[in-house]
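Following: one structure in structure tokens, then a few remarks.
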Amino acid sequence: MRTILVANPKGGSGKTTLATNLAAYLAGQSHRVALWDLDRQKSSLNWLALRPPELPAITALDAGRHEAYPDIPENTGWLVLDAPAGIHGKHLDHALKRADKIVVPVQPSVFDMAATRDFLDQLMEEKPLRRSRAFIGIIGMRVDPRTRAAATLEQFLGQYDLPVLTYLRDTMVYVNAAFNGKGIFDLPRHQTGRDLLQWQPILEWIGQ
Ligand SMILES: Nc1ncnc2c1ncn2[C@@H]1O[C@H](COP(=O)(O)OP(=O)(O)OP(=O)(O)O)[C@@H](O)[C@H]1O
Ligand SMILES: [Mg+2]
């Protein structure tokens, strides 16, 4: 089983959007996927409850209490963890220990970058391999790569030697898909062509 943690303590950075879309993509590739919602707000589980039964299935795992480990079905191929805002301390340590890779969505605002700084500092204290770009995938969220905001984000990440894996644009495609328990990979291609291209580096990075 491979485990992907989607985390950034900054609220609203795009974790659940990434986690649900990753799960939908992997399920669409006929993998057995479990989505573990570590957030008490249960956004991922609410999304999953809306998912039409005819779409590729994703198993819901509930955090219950933070410390409790759910039973993960034995044949699970991919486990996607959706971390809550504010995750830190032992909850973050536990989640990091389980992860083969960590996806970090960052929006290029001064507020978001400042709030992400402590988290990245903490990741930099991990073992060398785990503070490398092979382990940490940064996603520029809701941003056009040609803008000054994107350049500022790259400059900020430069100090960590972490490149931006890809930029995902700000679009209602994600929002509307989520209303129906879908990811963009569940939609007709003519609606999502640009977005699928933007996702390609993420899929390659996770080895898909
Ligand atoms: N690329 C995008 N384009 C447009 N809207 C987006 C995009 N990514 C995220 N959003 C919207 O931004 C809001 C926050 O995103 P999301 O819930 O994924 O963040 P989060 O990090 O999980 O938040 P929280 O910290 O509260 O768990 C949501 O309304 C979501 O639909
Ligand atoms: Mg969330």
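Read the figures in this text as sums done on the coordinates, not as results from a lab. Note that the structure is predicted; figures quoted are calculated from it, not measured. Backbone-built Cβ (ideal geometry, glycine too); neighbour counts: all protein chains shown.
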| said: Tell me whether the range 117-126 contains one or more residues that are surrounded by 13 or more Cβ atoms within 10 Å (Cβ to Cβ), touching a residue at least 40 places away in the same chain (Cβ under 8 Å) and of a type in the set (A, V, I, L, M, F, W, C). | reply: yes
| task | Would you mind telling me which numbered condition in (1) crowded, with 16+ Cβ neighbours inside 10 Å; (2) closer than 21 Å to P84 by Cβ; (3) out of contact with any Leu (no Cβ under 7 Å at 6 or more places or on another chain); (4) among the hydrophobic types (A, V, I, L, M, F, W, C) F111 fails? | result | (1)
| Leading residue by the ranking (surrounded by the most Cβ atoms within 10 Å (Cβ to Cβ)) among those in the range 13-40 that are near ligand 2 (Cβ under 8 Å from one of its atoms) and farther than 15 Å from I202 by Cβ | T16
| said: Condition first: surrounded by fewer than 15 Cβ atoms within 10 Å (Cβ to Cβ) and in contact with a helix residue (DSSP H, G or I) (Cβ under 9 Å, 6 or more places away or on another chain). Now tell me which residues in the range 177-193 satisfy that. | reply: F179, N180, R189, Q191
| Counting residues that are more than 14 Å from ligand 1 (Cβ to nearest atom) and of a type outside the set (F, W, Y), which strands (runs of 3 or more DSSP E) fully inside the range 12-98 reach at least 3? | 58-62
| field | P201, sole failed condition from (1) of a type outside the set (D, E, K, R); (2) out of contact with any strand residue (DSSP E or B) (no Cβ under 6 Å at 6 or more places or on another chain); (3) under 23 Å from Q29 (Cα atoms); (4) in a helix (DSSP H, G or I) | value | (2)
